[in-house]
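Accompanying notes for the structure given below.
The values are calculated or read from the model by the stated rules, or taken from the named source; none is laboratory data. Just so it is clear, the model here is predicted, and its values are computed rather than measured. Cβ placement follows ideal geometry from the backbone for every residue including glycine, while neighbour counts extend to all protein chains displayed.
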């Protein structure tokens with residue numbers, strides 16, 4: 001039986017449809033909730049978010065994977081209401097965006113405790129919501145190298161993935177040697193890991209995307225739309241054509257079965273200004289037309305946005 | 001807040017300073033290690049937390065206590081609305097704090113912000129964050145502001161003040177200077193050095209309390225006397241702690257007697273640093289009334305006068321907490 005955890009309960013993978021695999025309803029660094037400059041009323045938050053999800057649905061989007069980690073403003077009750085009212089499946093995560101977004105309680109925790117936290121959120125539920133996490137988020141802290149805490153989180157994630165069958169998504173694919181060493185030590189097949197942000201402007205040059213794919217890992221080109229051409233681009237932006245060429249080169253090298261794509265957009269950011277004009281719908285409005293113009297066929301597009309994510313997200317146990 | 005008032009900021013609003021009575025100046029009500037609110041095995045039942053805290057506050061009141069200061073700052077479980085209900089239900093004045101620290105207890109928003117490079121927050125930004133908790137009210141995160149914070153609390157890392165700790169201390173000092181509420185600090189490895197950082201911000205020493213001066217290392221270094229001579233308040237606020245890190249109550253009572261004999265009766269504060277309800281850490285399960293029931297008799301036995309005890313428990317905290 002194919003099964004994926006969404007915030008409204010498990011669904012068959014066949015129902016996922018078009019998947020945006022690395023997105024955020026709203027992300028904020030831990031502590032940003034104390035700073036009123038970022039606060040929004042519920043009216044504003046729904047007002048910014050619902051139209052984007054509705055448009056995503058209208059374009060044919062099926063599933064929105066929210067990879068906002070445990071201390072980053074993850075708000076599962078809110079996601080449940082958004083999903084129920086817009087018809088978009090929402091998958092929530094357990095885990096952390098990086099060691100530097102894990103608050104002291106978790107920063108001090110043992111690997112074993114982190115495993116139990118992740119497994120509980122995957123098999124029992126997140127907090128009091130009853131919703132089960134569908135993916136595990138891990139990541140590399142700012143600075144470019146995995147910290148000891150990052151490594152503990154990766155190891156705990158690997159064990160939780162093996163115990164539950166849920167896959168792992170990473171924030172950043174730099175320092176992949178250390179990540180893959182941990183996954184090998186724990187015996188986790190690398191096709192259960194999506195190494196994300198292989199395409200971002202800061203790290204693309206340092207990311208061994210083909211090496212990761214050759215080892216069997218999945219590779220995420222999932223910061224599509226963060227472009228230097230934007231009015232006010234973030235520091236991780238990249239020229240549009242450069243990212244697209246990178247992606248097409250990767251696909252044409254034979255890595256289509258290993259590739260996933262997403263926009264990493266915030267519907268309504270929580271602790272930062274966000275990036276004006278960038279939404280999950282970049283995938284439909286810009287990326288897919290670009291891919292067609294570059295000669296990719298419908299079946300390849302389907303592989304990237306439907307089949308690969310379905311295979312990745314399906315609980316394997 | 002109005003300058004030069006005779007009031008103290010409590011969670012139910014300003015209270016005339018003379019109404020404070022006996023004060024426990026450094027305690028914790030709900031103490032939650034940042035992040036523990038998300039722990040799968042640490043559910044917080046508000047009704048149960050309320051009942052536990054209400055019982056402890058009622059015991060404190062029954063033993064003569066009138067005001068309790070929650071010195072945990074803005075990011076360690078502070079729950080302003082719960083404290084309002086507790087104060088109404090028990091009749092105990094509750095003074096809550098803004099501030100945070102040490103560095104290890106901060107969220108990534110302050111340490112690795114989404115900028116390139118991810119430079120930690122400077123003093124001025126901390127000052128602004130803390131000041132607005134006094135001038136505009138304490139935050140219920142992403143929901144609303146409530147009453148004004150009654151003090152700014154921060155701490156330095158045990159291994160010694162880090163650059164971010166220093167930003168916290170300087171920001172907290174500027175906030176205290178700007179708003180008139182006092183500053184409560186817990187030192188790292190050198191109390192005199194850490195006090196020096198806030199004095200360097202031109203905050204008068206009489207607006208600062210240095211806590212934890214009954215730590216064995218501080219006593220060995222003579223820090224309680226040195227801090228008192230600099231004009232700051234000396235908090236012996238681990239009364240009841242019975243561990244290797246601190247001196248014993250008997251030694252603590254002797255230290256108080258020495259400080260009083262040296263002319264510092266107007267600079268000493270006492271408290272238990274008890275944890276009402278703890279999540280994510282063991283906490284110190286001690287009645288808030290321990291100073292009154294167990295420690296005051298030791299002071300009297302040391303020859304400290306009733307009048308001096310009154311200074312320590314009533315006059316000194318009143319003078320410290322009054323908004324200047």
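I'd like to check something: does region B:106-117 contain any residue that is assigned to a loop (DSSP other than H, G, I, E, B), more than 9 Å from chain A (Cβ to nearest Cβ) and over 21 Å from the mean Cα position of the chain (by Cα)?
Checking region B:106-117: not a single residue is assigned to a loop (DSSP other than H, G, I, E, B), more than 9 Å from chain A (Cβ to nearest Cβ) and over 21 Å from the mean Cα position of the chain (by Cα).
Within region B:118-139, work out how many residues are under 24 Å from the mean Cα position of the chain (by Cα) and part of a loop (DSSP other than H, G, I, E, B).
From region B:118-139, those under 24 Å from the mean Cα position of the chain (by Cα) are B:121-139; that's our starting set.
Now drop any that are not part of a loop (DSSP other than H, G, I, E, B), which leaves B:121-122, B:136-138.
So the answer is 5.
Please tell me if residue A:59 is within 19 Å of residue A:280 (Cα to Cα) and under 18 Å from the mean Cα position of the chain (by Cα).
Details: within 19 Å of residue A:280 (Cα to Cα): yes; under 18 Å from the mean Cα position of the chain (by Cα): no.
Judged against the criteria, residue A:59 is not a match.
Could you check region A:216-232 and list, in sequence order, the residues that are buried (at least 17 other Cβ atoms within 10 Å of the Cβ) and either farther than 18 Å from residue A:20 by Cα or in contact with a helix residue (DSSP H, G or I) (Cβ under 9 Å, 6 or more places away or on another chain) (or both)? Step through it out loud before you land on a result.
Restricting attention to region A:216-232, the residues satisfying the condition of being buried (at least 17 other Cβ atoms within 10 Å of the Cβ) are A:217-227.
Selection gives A:217, A:218, A:219, A:221, A:223, A:224, A:225, A:226, A:227.
Go through region A:88-104 and give me each residue that's out of contact with any strand residue (DSSP E or B) (no Cβ under 6 Å at 6 or more places or on another chain) and either buried (at least 24 other Cβ atoms within 10 Å of the Cβ) or in contact (Cβ under 8 Å) with a residue 24 or more places away in the chain (or both). If you could, list the steps in order and put the result at the bottom.
As a first pass, look at region A:88-104 and keep what is out of contact with any strand residue (DSSP E or B) (no Cβ under 6 Å at 6 or more places or on another chain): A:96, A:99-104.
Those that are out of contact with any strand residue (DSSP E or B) (no Cβ under 6 Å at 6 or more places or on another chain) and either buried (at least 24 other Cβ atoms within 10 Å of the Cβ) or in contact (Cβ under 8 Å) with a residue 24 or more places away in the chain (or both): A:96, A:99, A:100, A:101, A:102, A:103.
Checking residue A:169 against (1) surrounded by fewer than 24 Cβ atoms within 10 Å (Cβ to Cβ); (2) under 26 Å from residue A:299 (Cα atoms): exactly one of these is not met. Which one?
Here residue A:169 clears every test but (1).
Can you tell me which residue among B:65, B:77 is on the phi > 0 side of the Ramachandran plot and at pLDDT 95 or above?
Details: B:65 fails: on the phi > 0 side of the Ramachandran plot.
Just a single option satisfies the conditions, and that option is B:77.
On the given criteria, is residue B:77 within 14 Å of chain A (Cβ to nearest Cβ), in a loop (DSSP other than H, G, I, E, B) and within 24 Å of residue B:187 (Cβ to Cβ)?
Details: within 14 Å of chain A (Cβ to nearest Cβ): yes; in a loop (DSSP other than H, G, I, E, B): yes; within 24 Å of residue B:187 (Cβ to Cβ): yes.
So residue B:77 passes the test.
Being over 25 Å from residue A:184 (Cα atoms), part of a helix (DSSP H, G or I), without any contact (Cβ under 8 Å) to a residue 40 or more places away in the chain and away from every other protein chain (no Cβ under 11 Å) narrows it down to one residue among A:151, A:80, A:85; which is it? Spell out the reasoning first.
Details: A:151 fails: over 25 Å from residue A:184 (Cα atoms); A:80 fails: without any contact (Cβ under 8 Å) to a residue 40 or more places away in the chain.
The unique qualifying residue is A:85.
Being within 18 Å of residue B:110 (Cα to Cα) and over 20 Å from the mean Cα position of the chain (by Cα) is the requirement here; does residue A:37 meet it? Let's see the steps before the verdict.
On the way: within 18 Å of residue B:110 (Cα to Cα): yes; over 20 Å from the mean Cα position of the chain (by Cα): yes.
Yes: the conditions hold for residue A:37.
Which one of these is closer than 30 Å to residue B:32 by Cβ and part of a helix (DSSP H, G or I): B:309, B:277, B:291, B:296? Give the steps one after another, and end with the answer.
On the way: B:309 fails: closer than 30 Å to residue B:32 by Cβ; B:277 fails: part of a helix (DSSP H, G or I); B:296 fails: closer than 30 Å to residue B:32 by Cβ.
Answer to the check: B:291.
Among B:324, B:318, B:252, which is within 30 Å of residue B:79 (Cβ to Cβ), assigned to a helix (DSSP H, G or I) and touching a helix residue (DSSP H, G or I) at 6+ places or on another chain (Cβ under 9 Å)? Give the steps one after another, and end with the answer.
Numbers: B:324 fails: assigned to a helix (DSSP H, G or I); B:252 fails: within 30 Å of residue B:79 (Cβ to Cβ).
Result of the check over B:324, B:318, B:252: B:318.
Output the strands (runs of 3 or more DSSP E) that fall wholly within region A:168-278 and possess 1 or more residues being more than 30 Å from residue A:32 (Cβ to Cβ), more than 14 Å from chain B (Cβ to nearest Cβ) and under 17 Å from the mean Cα position of the chain (by Cα), or say none. Give the derivation first.
On the way: elements: A:168-171, A:193-195, A:218-221, A:259-261.
Hits in region A:168-278: A:218-221, A:259-261.
Could we say that residue B:90 is surrounded by fewer than 24 Cβ atoms within 10 Å (Cβ to Cβ), more than 9 Å from every other protein chain (Cβ to nearest Cβ), more than 24 Å from residue B:191 (Cβ to Cβ) and within 20 Å of the chain's Cα centre (by Cα) here? Explain how you work it out, then say what you get.
On the way: surrounded by fewer than 24 Cβ atoms within 10 Å (Cβ to Cβ): yes; more than 9 Å from every other protein chain (Cβ to nearest Cβ): yes; more than 24 Å from residue B:191 (Cβ to Cβ): yes; within 20 Å of the chain's Cα centre (by Cα): no.
No; evaluated as a whole, the condition is false for this residue.
Please go through region B:118-142 and pick out each residue that is at the interface with chain A (Cβ under 8 Å from one of its Cβ atoms) and out of contact with any strand residue (DSSP E or B) (no Cβ under 9 Å at 6 or more places or on another chain).
Of everything in region B:118-142, those that are at the interface with chain A (Cβ under 8 Å from one of its Cβ atoms) and out of contact with any strand residue (DSSP E or B) (no Cβ under 9 Å at 6 or more places or on another chain) turn out to be B:118, B:141, B:142.
Residue by residue through region A:237-254, note down the ones that are touching a strand residue (DSSP E or B) at 6+ places or on another chain (Cβ under 7 Å) and within 24 Å of residue A:313 (Cβ to Cβ).
Residues satisfying the conditions are A:247, A:250, A:251.
Give the residues of region B:52-74 that are in contact with a strand residue (DSSP E or B) (Cβ under 6 Å, 6 or more places away or on another chain) and in a helix (DSSP H, G or I), sorted by residue number. Before you say what the answer is, go through the steps one by one.
Going residue by residue through region B:52-74, those that are in contact with a strand residue (DSSP E or B) (Cβ under 6 Å, 6 or more places away or on another chain) are B:52-53, B:56, B:64-74.
Result: B:52, B:53, B:56.
Any residue in region B:44-51 that is within 14 Å of chain A (Cβ to nearest Cβ) and either out of contact with any strand residue (DSSP E or B) (no Cβ under 8 Å at 6 or more places or on another chain) or part of a strand (DSSP E or B) (or both)?
Within region B:44-51, the subset within 14 Å of chain A (Cβ to nearest Cβ) is B:44-46.
Next cut, either out of contact with any strand residue (DSSP E or B) (no Cβ under 8 Å at 6 or more places or on another chain) or part of a strand (DSSP E or B) (or both) only: B:45-46.
Within region B:44-51, one or more residues are within 14 Å of chain A (Cβ to nearest Cβ) and either out of contact with any strand residue (DSSP E or B) (no Cβ under 8 Å at 6 or more places or on another chain) or part of a strand (DSSP E or B) (or both).
Condition test on residue A:156, is it crowded, with 23+ Cβ neighbours inside 10 Å and farther than 23 Å from residue B:108 by Cα?
Values: crowded, with 23+ Cβ neighbours inside 10 Å: yes; farther than 23 Å from residue B:108 by Cα: no.
So residue A:156 fails the test.
For the list (1) touching a residue at least 40 places away in the same chain (Cβ under 8 Å); (2) farther than 17 Å from residue B:311 by Cβ, I need the number of the one condition that residue B:268 fails.
(2)
Taking region A:118-140 on its own, how many of its residues are surrounded by fewer than 24 Cβ atoms within 10 Å (Cβ to Cβ), at the interface with another protein chain (Cβ under 8 Å from one of its Cβ atoms) and either within 16 Å of residue A:169 (Cβ to Cβ) or under 19 Å from the mean Cα position of the chain (by Cα) (or both)?
Selection size over region A:118-140: 0.
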